[in-house]
Structure formats: C-alpha cells, structure tokens
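Input: a single structure, listed below in structure tokens.
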Amino acid sequence: MIHTIKKYLNSHPTLTSKEIIKKIGYFDVVSFDMFDTIIRRNVPEPYFLFEMVANQITENMDMVSFKDDRIKAAQKAKESVWGKGREEVTLDAIYSSLPGKYKNMIEQLKKKEIENEINSCFPDQTLLEVYEWCIKNKKIVIITTDTYLPEHVIKKILGKCGYCSYSGLYISCEVNKTKRTGSLYHFIKSLYPDKRIIHVGDNIRSDFLNAKRCKITSIKVAKYPLRTRFFNLKNVSRQNYSQYSNLNKVINYSLKPDKSFFYHYGYECLGPLLCGFCKNLDLRAKRQNIKKIYFLSRDGYLIKKVFDILYNSTDRKTEYLYISRKSIQLPLLSRCESLEKYFLLNGTKKKWNYEMFSNRLGIIAEDKLKVWEECGLESTYRFKAEDIDKNKKIYLFFNCFKEQCMQKSRESATLVKRYLQQNGFCGNLAIVDTGGYGTTQKCMEYFCKIYDIDVSITGFYLWLYDNPGLRAHVYPFCGSTSYGGETLITELPLTSKEGTTEGYDIAEEGEILPVLADYEYSYATQMQGVIEEIQAGVQDFARFIKDAIDVIPMPANVTYANVKRVSRYPSLFESRMFGELMFFSDHYKTYLARPQKIHYYITHPKNLYQDFANASWKIAFLKRLFKVPISYYFVIKTIRKFKDK
C-alpha cells in the first residue's frame, strides 16, 4: 500500500508548462527546486553515476562495490554531523568517509563524479519553458536545492542546461540550511520579506509540505512524469519490473512533449531495442577480438547509425556493405550441385512463386511468365526448395534460361569478389543484419570458401528462425516463429532510402560500385515521413543514453518488451496507425493490416480469406476487423499450430 502511494505521488501531477505558468502568475518570487524538477539526469537514479565513476576509473574496479561504498559513505558523513550544528554534508566530507582502500584515489574519484554529474544533466523541457516565461515577465527567479555538490558545480550544471539569469542560488551545503528541515524556506523569506513567494518542486515533503508549513505557496510536479505512450509493467515479468521501470524513467525524463505517435514508437520501443542490441554487439565483439563490423544494406542502415552514436571507437572499423540475398546468392549458382541446393540456402520453410524464383536466378526476360505457363506451371503455383528436384516442370523452365543464368552467375562472382576485397572483407569480422534464416551469411561463407577469401564471419541478428551451422548471436529472440508483427514493425523502419542491391558494376576508375534497384517507397511520401519520424526517435534516444549505456542494464526481455507488446497485443489505435503502412517483399506490395468493413466480408467471404492470407500483420488485421477485446495473438498462434500439424 505504501509503495503504491509513493509510486502515485512520484508520477503525479504531470503538469504542462501552461498549467504551471497559470499557477505562478500572481507571485513575485518563483523558487525552483533543482534535481528532478528543472534538471534531469540521463540515469534512472543518482547511484547509477557512482557505477559510471568506477567503470571509467579502471576496468579492475567493481562497479557495484564502489556504488555501495559511496552510498554508505554519504550516510556515514550525515551521521557524523547530526546534532553538531550542520544540516547538510559536503562532497568532501562524503569522500573522506570512504573506506581506506580508496585512499590514493579520492581526488580522482571525486573529480570523475563531478564530471559525470555535469555530463549527465539536461533541462526538463516543460520547466525550462516555465523558467523562460518567468525571466521574460520580470519575475525574481531563485534556485533552491538540497545537495552536497559545491556551488561551482551547480553553476556549471545550470549554465549547461540553459538556466543563467536567476537572481539567487541557495545550496543547502553552502548555507547550512535545508528544505528538508524547513530552515532554508525561513532563510528565503527573510531575504524577500515583502514579496509573494511560490516554490516549485517534486518532493512531497521537502518541496510541497515543508514549504506550506513555512507559509510559502508550493506546486508539486511529478518526479517521474507520465509522458510515455507504451510503458506498462504488464509488458514484463515480475523479475524484470525494476530494470524495466528504470529504463522507463530514463525515457520519461527525456521525452520531448508534443511529438508524434511514430516518434514515440522510435524513442520508446525501437530505440531501447536497438541500443540493447548494439550494447550486446559491442560486448561480444570485444570478447571475440573483432575489429571489423560490416552492417549489411539496407536493414543495417539504422543499426549502424545507432552503433556509431554509442560507440565511436578508433580501434575498430565499422562499414556499410552493399550486400543483398540476391547479389551474394546469384554468384553461387554456377558452383552449386543442383538447383534445389541453391534454393535451400534460403532455408526449408520459404515458399516460392515464379516471380521470386525468377528474380533469385537473375531472369529478367519479359516473357518469363509465358514461358512458365508453357512449361505447365500455373502463375499462382507456390513451392518449397525441397520440391524443386521432384518437379521436372520447374527444371524445364530453368533450362530455358540456364545459359544466360550461368553466364550472369560467373560474371557477378568476379565482381562480388573484387567488391569484398575492395572493402577489406577478410580475417575475423562481424556482419550485422536484421535476421530471418541467415541466408546472406550462409551465402557469404560459401562464397568465401569457394573463392579463397580467408575470413571468419560472426553474424549478429535481431532474430533468427533457423541457423544450422552458423556462428551467430541473436538479440532479442531466436528459433521461434513470429506470430505477431514484431519482425515487420521492427524491420520496416530500419531501412535506408535506397533500393536493394541488384549486383555490381565497374566504374571508370576501376572501383566496384553497387547497382541498386529503385527505392520501393520513392513515391510513398507518407511512408517516407513515417520512417523518418521513427528513425529520428531512435537516434535521439541513442544520443541521450550514450553516456550511461554501460551502467543501465538492457537485457533483451526488457528492451524488447514494448515492441513485443505492440506487435502481439496492439490497441485498436496502434493497429490503425501501423496497419495503414505498406510493406514490400519479393516484388509484392501489401498493407500491414488493412481489412475491409465487416459487412463487406459477410457478402464476400472469399475476399476475407484472401485478404487475411495477404495481411502482413494478421493480429492487427483481426483487431481492426472485429474490434472485440480478446487476445488475437492467441487466435493466430492456435491457427498456426493447427495448420502445422
């Protein structure tokens, strides 16, 4: 019960700048609390800064141990002055109370803590607007804070965050008076005896109740304002409540007001997921002594952006490599034992039609459909790779174009090898892609083996359904069927504004350049706008969390939680927002989830079956169609299990 009340008080009220300005308009002096009011940190709680200090001083220092020692030192310093005429301790006193093992590092640790305090702080946008209004309207603005940090540090933090024109700065450890006891409020009243004073702060006791006891009007603002759209503790298991809540605090602190739905999705959902992925990539790359990381076009575009924001290392090379399944697989055709083995590189579950089949073989003849049908194959015929050798009609079709396919395969192999060598693709390296069946990595390993490129490839993926024999790491999930739309609403915003890599060509200078197809969304301006908004949210989150990435726990089941919830249990609003987006795959365009009205399907039942089959995100399709509050994830999962039997 007490925990619930405390949680409520910390998150309420979430006031807008206009609401606060309306309350303070009558007063002459406006006093602002500092930390968790006008100043926010890029960590969930202050003690995370202590872990950052230990992490930055030396790799051998235990972060958790120093954090605990630093917390105990603060408590010890406070106990040493209680009843002795001091109400607040100083930073020097705290560090003097550290255990003896830190004796030779005191100044270094203290300097690093001050540095991290300054770097971690940023302004609360809502309160900054209120502050600027106060300055503009000639209010007397003072900063009133209970803290052990010295005045020169506080001034640097305020200046960095845009608070420069205040009239007074009252720091508890400097004036030896605190809001906690009320003495600081009496001190302020003595300085402004004939002025109407109002205080704004987050703490229910120190900032709100104590101010009122001292006859000063006060406004309580939320310590953890409710600005997120997607946070819900139901998204995670109980054992992850703490980590998930801490991540949400960071998001809440830093979210800018009045941003779009898709920006929020990028900042709250995809941003944490990609930052967690990149953190995992960095740690594993260091362990495996990987110095070269190649982000594959096009899905590796945004991941590379995030990784470069978080980890700008000079001793490691990150490269954007123009490689697609088609561009790396076609060179293998002339060296594969059979057509079936060639297509098995894409996994056993993928189903092919004539368009996909022809494209992967590099057949661009205008009459290919006519030839397909002349070979006795229907235009709607779909098949798996394992069916190819059993169907002579498929081989009959292939033989009509075999010579040109083999010629194209040999020519492209030469260009691919030169392109890889041109980009230093050799030795111990990593490739980064979204995922699937690991086709690209299989093809690259096969190609390098055939054409004598000495390389050891480790793949890093957001998901993999089937990875036999691959050296790969997956974050956040592996080896399961995607029942929800998680892969779609994750992969769709990652791409760059360019078409897929069709092949390669030689420039006049001899450089090998990629040949790109037309960008699928070049005419879909709304779709481009959505992708830009999501990517902006992702990159803003990465920039914000950059300095604290090493100390904020980011396990996969926490960073993936919001994406998982949206994809599997979307609200009707979320289903509509994402459902209207187009998705291109293997030359086919579909909407993620855009059903007709239910009364239409009553008179056209066959169309329901067809539209449902074509829907990329079936959960949202059913949600939009029926609007009944049930688990459509469970429905789809049951259908899939029944179908697989």
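The values are calculated or read from the model by the stated rules, or taken from the named source; none is laboratory data. These numbers were taken from a predicted model, which means no experiment stands behind them. Neighbour counts are summed over all protein chains in view; Cβ atoms, including those assigned to glycine, are modelled from backbone coordinates with ideal geometry. Each accessible area value is taken on the protein alone, full model and side chains, heavy atoms only, with ligands, DNA and RNA left out. Shrake-Rupley method; radii C 1.70, N 1.55, O 1.52, S 1.80 Å.
Details
- Filtered by the rule that a residue be open to solvent by 10 Å² or more (accessible area, probe 1.4 Å) and more than 19 Å from LEU158 (Cα to Cα), the range 18-44 gives LYS18, GLU19, ILE21, LYS22, LYS23, GLY25, TYR26, PHE27, ASP28.
- GLU51 vs. criteria open to solvent by less than 30 Å² (accessible area, probe 1.4 Å), part of a helix (DSSP H, G or I) and in contact (Cβ under 8 Å) with a residue 12 or more places away in the chain: yes
- Sole exception among (1) exposed (fewer than 12 other Cβ atoms within 10 Å of the Cβ); (2) more than 17 Å from TYR342 (Cα to Cα) for ALA365, by number: (1)
- Residue pairs whose Cβ atoms lie under 9 Å apart, separated by 6 or more positions or on different chains, with the first residue in the range 236-258 and free of Cβ contacts under 8 Å to residues at least 40 places away in the same chain and of a type in the set (A, V, I, L, M) and the second surrounded by fewer than 19 Cβ atoms within 10 Å (Cβ to Cβ) and in a helix (DSSP H, G or I), are LEU255/GLN125.
- Scanning the range 176-202 for residues that are touching a residue at least 60 places away in the same chain (Cβ under 8 Å) and either open to solvent by less than 60 Å² (accessible area, probe 1.4 Å) or among the aliphatic types (A, V, I, L, M) (or both) turns up ASN176, THR178, LYS179, SER183, ILE188, TYR192, ILE197, ILE198, HIS199, VAL200, GLY201, ASP202.
- Counted residues, the range 632-645 - those being open to solvent by 50 Å² or more (accessible area, probe 1.4 Å) and among the hydroxyl-bearing types (Ser, Thr, Tyr): 1
- Per-region count, the range 297-309, residues within 16 Å of THR490 (Cα to Cα), open to solvent by less than 10 Å² (accessible area, probe 1.4 Å) and in contact with a strand residue (DSSP E or B) (Cβ under 7 Å, 6 or more places away or on another chain): 2
- A Cβ distance below 6 Å, combined with a sequence gap of six or more or placement on separate chains, defines the contacts here; from the range 10-30, residues that are part of a helix (DSSP H, G or I) reach residues that are at pLDDT below 95 and open to solvent by less than 50 Å² (accessible area, probe 1.4 Å) in the pairs ASN10/LYS223; ASN10/TYR224; SER11/ALA222; SER11/TYR224; SER17/THR126.
- Per-region count, the range 168-213, residues assigned to a strand (DSSP E or B), over 39 Å from the mean Cα position of the chain (by Cα) and among the β-branched types (Val, Ile, Thr): 2
- Tally of residues being more than 32 Å from the chain's Cα centre (by Cα), touching a residue at least 60 places away in the same chain (Cβ under 8 Å) and under 17 Å from GLU386 (Cα atoms) across the range 322-352: 1
- Filtered residues of the range 590-601 (kept if exposed (fewer than 11 other Cβ atoms within 10 Å of the Cβ) and within 18 Å of GLU580 (Cβ to Cβ)): LYS597
- Condition met for SER80 (open to solvent by 40 Å² or more (accessible area, probe 1.4 Å), assigned to a helix (DSSP H, G or I) and free of Cβ contacts under 8 Å to residues at least 24 places away in the same chain): yes
- Of the listed requirements (1) among the hydrophobic types (A, V, I, L, M, F, W, C); (2) under 30 Å from the mean Cα position of the chain (by Cα); (3) open to solvent by 20 Å² or more (accessible area, probe 1.4 Å), LEU158 misses just one: (3).
- Pairing residues of the range 562-574 that are within 21 Å of GLY276 (Cβ to Cβ) with residues that are open to solvent by less than 50 Å² (accessible area, probe 1.4 Å) and assigned to a loop (DSSP other than H, G, I, E, B), at Cβ distances under 6 Å and at least 6 apart in sequence or on separate chains, gives ASN562/PHE230; SER567/GLY484; SER567/GLY485; ARG568/GLY484.
- Set ILE5, ILE94, ILE71: member being surrounded by fewer than 16 Cβ atoms within 10 Å (Cβ to Cβ), touching a helix residue (DSSP H, G or I) at 6+ places or on another chain (Cβ under 7 Å) and among the aliphatic types (A, V, I, L, M): ILE71
Here is a yes/no grid of residues against (1) open to solvent by less than 10 Å² (accessible area, probe 1.4 Å); (2) at pLDDT below 95; (3) not acidic (Asp, Glu):
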{"site": "GLN404", "(1), (2), (3)": "no, yes, yes"}
{"site": "LEU415", "(1), (2), (3)": "no, no, yes"}
{"site": "PHE425", "(1), (2), (3)": "yes, no, yes"}
{"site": "ASN428", "(1), (2), (3)": "no, no, yes"}
{"site": "VAL432", "(1), (2), (3)": "yes, no, yes"}
{"site": "GLY438", "(1), (2), (3)": "yes, yes, yes"}
{"site": "MET444", "(1), (2), (3)": "yes, no, yes"}
{"site": "THR458", "(1), (2), (3)": "yes, no, yes"}
{"site": "LEU464", "(1), (2), (3)": "yes, yes, yes"}
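- Only a single criterion out of (1) open to solvent by 10 Å² or more (accessible area, probe 1.4 Å); (2) aliphatic (A, V, I, L, M); (3) assigned to a strand (DSSP E or B) is not satisfied by LEU283, namely (3).
- Those strands (runs of 3 or more DSSP E) lying entirely in the range 363-478 with at least 2 residues in contact with a Phe, Trp or Tyr (Cβ under 9 Å, 6 or more places away or on another chain) and among the polar types (S, T, N, Q): none
- Selected residue (criterion: farthest from the chain's Cα centre (by Cα)) from residues of the range 581-600 that are modelled with pLDDT under 90 and under 25 Å from ARG229 (Cα atoms): TYR591
- Number of the exception - LYS497 against (1) open to solvent by 20 Å² or more (accessible area, probe 1.4 Å); (2) under 21 Å from LEU274 (Cβ atoms); (3) part of a helix (DSSP H, G or I); (4) not small (Gly, Ala, Ser): (3)
- Selection from the range 292-316 of residues that are closer than 16 Å to LYS497 by Cβ and assigned to a helix (DSSP H, G or I): GLY300, TYR301, LEU302, ILE303, LYS304, LYS305
- Selected residue (criterion: most open to solvent (accessible area, probe 1.4 Å)) from residues of the range 602-631 that are farther than 30 Å from GLU520 by Cα and assigned to a helix (DSSP H, G or I): ILE602
- Every test in (1) part of a helix (DSSP H, G or I); (2) open to solvent by less than 10 Å² (accessible area, probe 1.4 Å) is passed by ILE552 save one, and that test is (1).
- Filter result for the condition that a residue is assigned to a helix (DSSP H, G or I), within 21 Å of GLU574 (Cα to Cα) and of a type outside the set (Ser, Thr, Tyr), over LEU247, LEU270: LEU270
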